[in-house]
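Inspection log for the structure reproduced underneath, given as C-alpha cells.
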Amino acid sequence: MRRRFTVAFSIYLLIIASSFSVSRVSSLSTASSTYRTRNVFLVVMDGVRYSETFGDPAHRFIPHLWNDLRPLGAIYTNFRNNAITVTVPGHTAMLTGVWQNVKNDGSERPHQPTVFEYYRKETGAPANKTWVVVQHMNLISTDYSDDPEYGKQYGANLDSPGLHKRGELEHTGDVATWDILKSVMNRDHPSLVMVNFGMTDSMGHSGSWAGYANAILDADTLIYYLWLKIQSDPVYKDKTTMFVTNDHGRHLDGVKTGFQDHGDDCEGCRHVMMLVTGPDTKSNVVVDTARQLIAVAPTIGALMRFSTPLAKGNVMSDMLAGNTQEPLSKTLSSEIILLVAAITLLGSLLFIFMFAERKRKHIARAKLQCESGSPGVIVTQKSYTERIPESEKFN
Ligand SMILES: [Zn+2]
Ligand SMILES: [Zn+2]
Ligand SMILES: [Zn+2]
C-alpha cells in the first residue's frame, strides 16, 4: 500500500511539474507581446557626471528626478558607457544597441540600424511617428543609419534649435529644444522619440561650475515637465515609457580638467545615470546590476514589440514589472489550458484518493500534515499619476 502511494504521489508531482513548465515556457515566449508600453521617450541629459545626479547624497541638482520621478520607476546605480565617452557615439550606442566608433561632428551616420528604422520597417509606421529633437547639432545624423537594408526610408524626423533661423524661436538652448518637442508632440503624437538636452554638456565645457549646475537643474525641470505632459495627454498617459540617461559622464575631479571635459575611460566618464518610468516598470526600485548604453535599443524594442536583430545589448529585464503580462488564460492556447487542467484534476483526484486510503488504514499512528502553498502575491503597481498636481496642464 505504501509503495502504491509513493508511486502515485511521484506521478502526481511529475504531472504538476510538467504543467508548470508548459505555462512558464508559454508565458516567457509571449511576455514581449503583453507590455502596455505603446510609446517611448529616450531623454538624454548630455554629459552629466554621476556625482552630480544619483551619486550626490543630497541630489542638489536633480530634485525632480530624485523626488518626483524616482519613486515612480526604476533607477540604475551602475549604468555605463563602456566604449567611446563622447556625444555622437554615446547616442548611437543607445539608438542602435551596438558600440560604434562614429565621428563626433555629425558627418558620419550610424552603421547599424537605429530603433527608428527597426520600428518603422517592421510596423509600417509613418516618419512623423518617430522624432529626434536635439540641442546638440552634431547629433543631426542620428535619425537613421547607412545600413543598406534600412536607412533613410525608415528614418525619423529631426529638428534642432540650430536648424531654425535667428529669432524664429522664442527661447534658446534647452528651453528651445523643449519648445520644439512640445509642438512636435502636440502635432504628431510620435510613438518613439529621442530628445537631447545639451546645455549641461555645453556649460560643462565652458568651465563654469555654476553654469553647469544650473543647466542640470534646468534639464531636471524640463524632464519633469515632459513627464507631466505625457501623463496629461490621453494618447500617452499610462502607455508611455520614459528613459532618462546620459550619453557619457565627465572626468572625475583630479582627472585632467575635471568636470570641464570628457572622453576617456575614467570612472567619471563611464558611469552614467539611468531612470526609467512607465507602465511596465517596477516602481521605487533601485537596480545595482551593471548595465550599459547598448541595452537601451533592445529594451525599447521589447517594450514596443519590434525586433532589433543586430543590437548587441541585453534587455533591461531587471526593471520590468512582473505584473504586466496578460492573465494566463490569454497567454496560453485554450487547448493547452484544457489539457493542463484535466491532467492536474486527474492527478489531484488520484492523490486525494490514495491519501484518503492511506489515512483510513494508518490513522492510528500517523499524524498527518497537510502542506499548503502560500497564496499568490498580487503586486499592485503604485499609480504614478497621484503625485501630479491637478493644476499642471500642458497644451
Ligand atoms: Zn555628450
Ligand atoms: Zn562634450
Ligand atoms: Zn574622464
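Here are a few things to note about the model shown:
- Model label sites at residue 349 and residue 36, defined 7 Å from Cα along the beta-carbon direction, differ in position by 4.0 nm.
- Summed residue charge, Cβ within 15 Å of residue 123's Cβ, Lys/Arg positive, Asp/Glu negative: +3
- Highest to lowest packing among 166-174, 184-192, 75-83, scored as the average C-beta count within 10 Å: 75-83, 184-192, 166-174
- The residues packed around residue 214, meaning those with a beta-carbon under 14 Å from its beta-carbon, carry a net charge of -4 if Lys and Arg are +1 and Asp and Glu are -1.
- Using the Cβ of residue 276 as centre and a radius below 13 Å, the other residues enclosed give a net charge of +1, where K and R count +1 and D and E count -1.
- Full-stretch length increase - residue 214, residue 257 - with 0.36 nm per residue and alpha-carbon distance subtracted: 13.5 nm
- The stretch 91-133, relative contact order [Cα under 8 Å, separation at least 6], %: 28 percent
- Chain lengthening between residue 67 and residue 318 when straightened (0.36 nm per residue, less Cα-Cα): 88.2 nm
- Taking the stretch 35-319 and dividing mean pair separation by its residue count, relative contact order in percent (alpha carbons under 8 Å, at least six apart): 36 percent
- Peptides 139-149, 239-249, 217-227, ordered by how many other C-beta atoms sit within 10 Å of their residues on average, highest first, read 239-249, 217-227, 139-149.
No value in this document is a laboratory result; all are computed from the given coordinates. As the structure is a computational prediction, the values presented were derived from the model and not from experiment. A quick note on method: Cβ atoms are made from the backbone with ideal geometry, for glycine too, and the neighbour counts reach across all protein chains shown.
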